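The values are calculated or read from the model by the stated rules, or taken from the named source; none is laboratory data. In this text, all values refer to a predicted model and were calculated from it rather than measured experimentally. We place every Cβ from the backbone using ideal geometry, glycine too, and count neighbours over all the protein chains shown. The protein model used for the area step is the full one, side chains on, heavy atoms only, and it has no ligands, DNA or RNA in it. Shrake-Rupley method; radii C 1.70, N 1.55, O 1.52, S 1.80 Å.
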Amino acid sequence: MAKDMTLLWVTGSPPCWRVMIALEEKNLQGYNQKLLSFDKMEHKSQQVLDINPRGQIPTFKHGDNVINESYAACFYLESQFKSQGTKLIPDGPAEQALMYQRMFEGLTLYEKLSAVVFYEWSVPEGERHESALKRNKEALVTELKLWEGYLQKLGSGSYLAGPSFTLADVVVFPTVGMVFRFGLSPERYPKLGEYHNLLKERPSVKASWPPHWLENPKGQDTLKDI
Amino acid sequence: MATDITLLWASGSHACWRVMIALEEKNLQGYNQKQLYFEKGEHKSKEVLEINPRGQLPAFKCGDLPLNESCAACFHLECKYKSQGTKLIPDCEEGRALILQRVFEVNALAEKSSSVLYYNWRVPEGERHDSAVKRNKEALTAELKLWEGYLQASSGFIVGKNFSLADVIVYPAVAYLFQNGLSEQRYPKLAEYYKGLMNRPSIKASWPPTWKNAPKQETLKDI
């Protein structure tokens, strides 16, 4: 059970946060966990490399099963613990198909967000260009408008795949959380803002909220003008 | 029913190919399909945009339900048609965990391949750097070594002794590399995997038609 599980994570990382939300939703509190520090390069430490040769977090183990891809871990937890906690994959075919579709589009959203907020971290100084960052911001705006449209179509109070909270919310909400942490304007993106307010009160989300965001409630303003 | 299924696809797109392999494996031959051409801008045509507002391929519908993300389509097909065709996600815990792991690791492989193969397409001339090209090649080499390692003890499949969802998702990405000149000598396990599944009915039936008579590219021969 939870005692056979180990998660190595860092605060504020959407991939880690996804797994933590899934664990909470499946009533698997009490799993072994260790908070690592990105700044101290602990994601490249031996204890991580032993579980994940890629030296990336999250690293997740359940008994002998090692699953380091956050989406894989979320799918795994839902299928292993189907009968406990929240049902994360709905039975209705339309809702289920929409859930899968939004989950995988969520990867695109995260990629486009990362291309802006992690630009300086992933591109060496000599290779950076204002034109590239501008282009990345424009791509992010196009992407955010798509999601704004998706939520608009579903109506207020809705989750990403319809009336129920599903795996789509587990994997995509952390990215939305990060988008607002980096200063996105809820006035300019009201539907995303509403979705963010709805989810941030959910117990599993509250329980796994990045600790350093609690310590420093004011985030960054990288995205305030987009 | 296959006749409720529609796929708009382009030859050589590994995302499209995955969905086609999954459809074959689930015995859904006879689905409605149309081959489109990126070079003619057909991925931005009205018929695509009606199914996929992103103007990307594959554009895929199962009944009324759009599933344009290739992995979403594959997961959905396996779920909906669980009891027919090949079982792509096994019931046993261990097999399932590793299959899920490899399915999602393909993103890294696909991303690193694209950074090398599409560098000039993605990066405008004024922003290109030799240092970036070099770094992308090194990242791809490291990634390929990882997959070579995963296949060391392989029985011909990415995971375990049976064809699974991991192969549906991974095979097109691997085939793409060899089509672009990856060295079979330097990556013998990947080459063995690639050749071993070439004649699997679902893969043969969906092999990109534009590859059949085209010469192989050489872009990756020095990786």
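Side notes on the structure shown:
- Per residue solvent-accessible surface (Å²) - chain B, probe of 1.4 Å: 46 Å²
- Taking B:His129, B:His76, B:His43 in turn, the Gaussian network model of chain B (Cα-Cα springs below 10 Å) assigns the largest fluctuation to B:His129.
- Interface residues of the stretch A:52-71, defined as a loss of at least 40 Å² in heavy-atom accessible area between the chain alone and the complex of all protein chains with a 1.4 Å probe, are A:Arg54, A:Asn65, A:Glu69.
- Using a cutoff of 8 angstrom between alpha carbon atoms and counting only pairs six or more residues apart, the relative contact order for the stretch B:67-157 works out to 21 percent.
- 3J(HN,Hα) couplings calculated from phi for the stretch A:167-174 with the Karplus curve 6.51 cos²θ - 1.76 cosθ + 1.60 (θ = phi - 60°) are, in sequence order, 4, 4, 6, 4, 8, 8, 3, x Hz; Gly and Pro show x.
- In chain A the longest region clear of GluC sites (Glu not before Pro) that are loop-assigned by DSSP and have at most 15 other C-beta atoms within 10 Å covers A:1-186.
- Prolate/oblate/rounded call for chain B, Cα gyration tensor, a/c under 1.5 rounded: oblate
- Percent of Cα pairs exceeding the 24 Å cut-off, where the set is the stretch A:93-215: 30 percent
- Between the stretch B:61-96 and the stretch A:85-102, the C-alpha centres lie 13 angstrom from each other.
- Gaussian network model of chain B, Cα within-10 Å springs - most flexible of B:Phe104, B:Phe157, B:Phe60: B:Phe104
- Descending semi-axes in whole angstrom, ellipsoid equivalent of the stretch A:80-154, from the Cα gyration tensor: 34, 16, 8
- Percent accessible area from carbon and sulfur atoms, the protein assembly as shown, protein chains only, probe 1.4 Å: 51 percent
- Inverse mean reciprocal Cα-Cα distance (Kirkwood Rh) of the protein assembly as shown, Å: 22.9 Å
- Protein heavy-atom accessible area occluded, B/A pair - total, 1.4 Å probe, Å²: 2900 Å²
- Length-normalised contact order of the stretch A:22-117 in % [C-alpha pairs under 8 Å, at least 6 apart]: 21 percent
- Among the lysines of the stretch A:1-83, pairs at least eight places apart or on separate chains and with Cα atoms under 25 Å apart come to 13.
- The listed residues A:Asp169, A:Asp64 rank as A:Asp64, A:Asp169 when sorted by accessible area, largest first, using a 1.4 Å probe.
- Loop-located GluC sites (Glu not before Pro) in the stretch B:115-223 (DSSP state not H, G, I, E or B) with no more than 11 neighbouring Cβ atoms inside 10 Å: B:Glu218.
- In the stretch A:82-111, burial by the other protein chains removes 10 Å² or more of 1.4 Å probe accessible surface, compared with the chain on its own, from A:Pro93, A:Ala94, A:Gln96, A:Ala97, A:Tyr100, A:Gln101, A:Phe104, A:Glu105, A:Leu107, A:Thr108, A:Glu111.
- Shielded by partner chains, the stretch A:128-147 residues - at least 20 Å² of accessible area, 1.4 Å probe, vs chain alone: A:His129, A:Arg135, A:Leu146
- 16 Å Cα-Cα reach of B:Lys82 towards aspartates and glutamates, excluding residues that sit fewer than 8 places from it in its own chain: A:Asp91, B:Glu24, B:Glu25, B:Asp91
- Vicinal HN-Hα couplings computed from phi for the stretch A:149-165 (Karplus, 6.51 cos²θ - 1.76 cosθ + 1.60; Hz; Gly/Pro x): x, 4, 6, 4, 5, 7, x, 4, x, 7, 8, 5, 10, x, x, 10, 6
- With contacts taken as Cα pairs under 8 Å and at least 6 residues apart, the stretch B:1-118 reaches a relative contact order of 25 percent.
- Kyte-Doolittle at least -0.5, axis length at least 24 Å by Cα - qualifying DSSP helices, chain B: B:93-117
- For chain A, built as a Gaussian network whose Cα springs stay under 10 Å, the top-fluctuating residue of A:Ser158, A:Ser185, A:Ser45: A:Ser45
- Qualifying chymotrypsin sites (Phe, Trp or Tyr not before Pro) in the stretch A:69-130, DSSP loop, other Cβ atoms within 10 Å at most 13: A:Phe118
- Distances between placed amide hydrogens fall under 5 Å for A:Thr59 paired with A:Leu8, all partners being 5 or more residues away or on another chain.
- Shielding by partners - mean other protein chain Cβ count within 10 Å, residues of B:84-95: 1
- The phi torsions of the stretch A:100-110, fed into the Karplus equation with coefficients 6.51, -1.76 and 1.60 and a -60° offset, translate into couplings of 4, 4, 5, 4, 6, 5, x, 5, 5, 4, 5 Hz, rounded to whole numbers, with Gly and Pro shown as x.
- Per-bin percent of Cα-Cα distances, the stretch B:2-81 [5 Å]: 3, 17, 31, 28, 14, 6, 1
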